[in-house]
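Engineer: Below is a structure I'd like to ask you about.
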Amino acid sequence: MSKTIAISRIEAETQEIDPLTLLYIREGLTRDSLALMLGVARDTVDKWAAKRRQPSRPIRRLAAEILARWQRDRVTSTKM
């Protein structure tokens, strides 16, 4: 299942998304990998998924920036 969310570079600087969204957008991304990318413990990601904790604003912004980079990379690779 592929989801497309368009976020420009400027929007990504102020945009915030739930980091768990990245798991659904990027096929094969694991909770371990997500935790590593965001600089948090795997247990933290599990707590977000269980709704026991909420991601902080900086983490939500970082997730938006990661998504924006993935989209830029995909656009760049399709132009080649």
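Engineer: Checking Glu16 against (1) among the acidic types (Asp, Glu); (2) within 9 Å of the chain's Cα centre (by Cα); (3) part of a loop (DSSP other than H, G, I, E, B), which single condition isn't satisfied?
Structural biologist: Going through the list (1) among the acidic types (Asp, Glu); (2) within 9 Å of the chain's Cα centre (by Cα); (3) part of a loop (DSSP other than H, G, I, E, B), Glu16 breaks only (2).
Engineer: May I ask you to say which residue of Glu13, Glu65 is in contact with an Asp or Glu (Cβ under 9 Å, 6 or more places away or on another chain) and at pLDDT 90 or above?
Structural biologist: Working: Glu13 fails: at pLDDT 90 or above.
Unique residue meeting the criteria: Glu65.
The values are calculated or read from the model by the stated rules, or taken from the named source; none is laboratory data. Note that this is a predicted model, so its numbers are computed, not measured. So basically every Cβ, Gly included, is an ideal-geometry build from the backbone, and we count neighbours across all protein chains shown.
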